[in-house]
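The values are calculated or read from the model by the stated rules, or taken from the named source; none is laboratory data. Remember, it's a predicted structure, so these values are computed and weren't measured experimentally. With ideal geometry, Cβ positions are generated from the backbone for all residues, glycine too; neighbour counts draw on all protein chains shown.
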Amino acid sequence: MHNNKLRLLTAALIGAVALPAAAQSFPQKPVRTVIGYTPGGTTDVVARIIGQKLTELWGQSVIVDSRPGAAGNIGAENVAKSPADGYSMLLGQNALAVSPAMYTKMAYDVQRDLATVTTASITPHVILLHPSLPARNVKELIALAKKKPGDLLLASTGHGNSDHMVAELFNTMAGLKMVHIPYKGGALALKDLVGGQVVVYFAGLASSVQMIKAGRVNAIAVTSKTRAKAVPEVPTVAESGLPGYEAVLWQGYFVPAGTPREIINKLSTDINRVLAMPDTIERLAGAGTDPFPGSPDQFAAHLKAEIEKWGKVVKSIGLKMDN
């Protein structure tokens, strides 16, 4: 899917390049990482793993600031309007590439008002079912949903978020209609899935792997092209009933547009250095996600491609929201 070994090598080479003196002394005070979601979800898990290592590297605290709502746009807007000095970062994800097509009005432009720093992680979603649902694989879920159109309640972390869009892609390819129930965060969606208030959730693997291993939910498939290391017993969607399906959650760091390039390069270099650390790789793997390193320019190109890809999906399902 992604040549991560090459990216990690590239990151190491970037780290060897001398930075200007001003960037070398950065940061000189705590750095804020804003996430647009509630604590306990995939974005929060990744932000804390990377933030802890950056704190050790810098000798300055990296604080995770949760600002949930509007498919991550509340947090993104907060960072876009923050001082362009490198002390406010956004850890965003796929939803930022969906929003331009989904929302009729937005208070910021992700490509104009935010600057890309680096991609950070890539995570498959996993289809979770409440144990009461009489389906044990993708074929049985599709058959059940077709037998009871509009009856199955599908959780997500909100309109346009990654878990919503990968589910809509699944529905479109399988010809299904499930009732979408949006939540403000993955932890809340998982809680109601366990409680039976909803019965299907395309969760981020990083935020749900512990519940899967505890047997509190049934994991029937991962959405990636290959099986996930964290749950190798769980098949892919493509191999278990819906050929050609693949969709993953990516995450990456942004700063306000206008942030000095040397500060952006410093942040990118240090985050990529953290992503290459064996204990970071191990902790991310244990949480069901993998490093997804890259340069500012690589992330900008990736974001552009994602905006085009998900814009087509939004248009095909007629999804429009007022922010």
Take Phe299 and tell me if it is in contact (Cβ under 8 Å) with a residue 12 or more places away in the chain and assigned to a helix (DSSP H, G or I).
yes
Output for Cβ contacts, cut-off 6 Å, separation at least six or different chains, first residue more than 23 Å from Tyr183 (Cα to Cα) in the range 135-164, second in a helix (DSSP H, G or I), reads Ala135/Leu141; Ala135/Leu144; Asn137/Ser240; Val138/Ser240; Ile142/Ala174
Somewhere in the range 209-218, is a residue part of a loop (DSSP other than H, G, I, E, B), on the phi > 0 side of the Ramachandran plot and without any contact (Cβ under 8 Å) to a residue 60 or more places away in the chain?
yes
Residues in the range 287-300 that are farther than 15 Å from Thr123 by Cβ, among the small types (Gly, Ala, Ser) and under 17 Å from the mean Cα position of the chain (by Cα): how many?
2
Examine the range 222-230 for a residue that is in the same structural domain as Val79 (by TED's automatic domain parsing), modelled with pLDDT of 95 or more, more than 19 Å from Met89 (Cα to Cα) and under 18 Å from the mean Cα position of the chain (by Cα), and state whether such a residue exists.
no
Give the residues of the range 145-155 that are under 18 Å from Val237 (Cβ atoms) and assigned to a loop (DSSP other than H, G, I, E, B), sorted by residue number.
Leu152
When the range 49-104 is examined, which residues are found to be within 24 Å of His164 (Cβ to Cβ) and free of Cβ contacts under 8 Å to residues at least 24 places away in the same chain?
none
Give the range 257-277 a look and list any residue that's charged (D, E, K, R) and either over 16 Å from Ala300 (Cα atoms) or crowded, with 17+ Cβ neighbours inside 10 Å (or both), or say none.
Glu262, Lys266, Asp270, Arg273
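Does the range 284-295 contain at least one residue that is part of a helix (DSSP H, G or I) and free of Cβ contacts under 8 Å to residues at least 40 places away in the same chain?
The answer is no; no qualifying residue exists.
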Report yes if Asn265 is in contact (Cβ under 8 Å) with a residue 24 or more places away in the chain, assigned to a helix (DSSP H, G or I) and more than 17 Å from Ile49 (Cβ to Cβ), otherwise no.
yes
For the range 1-26, which residues satisfy the criterion of being touching a strand residue (DSSP E or B) at 6+ places or on another chain (Cβ under 9 Å) and modelled with pLDDT of 60 or more?
Asn4, Arg7
Before we move on, is Lys148 more than 30 Å from Ile271 (Cβ to Cβ), among the basic types (Lys, Arg), at pLDDT 95 or above and surrounded by fewer than 16 Cβ atoms within 10 Å (Cβ to Cβ)?
no
Looking at the range 177-221, which of the residues that are polar (S, T, N, Q) and at pLDDT below 95 is farthest from Ile35 (Cα to Cα)?
Gln210
Which listed residue, of Leu284, Leu249, Leu275, is at pLDDT 95 or above, under 30 Å from Ile74 (Cβ atoms) and within 17 Å of the chain's Cα centre (by Cα):
Leu275
Among (1) surrounded by fewer than 19 Cβ atoms within 10 Å (Cβ to Cβ); (2) at pLDDT below 95; (3) part of a loop (DSSP other than H, G, I, E, B) - the single one Gly158 does not satisfy
(1)
Residues that are among the acidic types (Asp, Glu), free of Cβ contacts under 8 Å to residues at least 60 places away in the same chain and outside any strand (DSSP E or B): does the range 223-235 have at least one?
yes
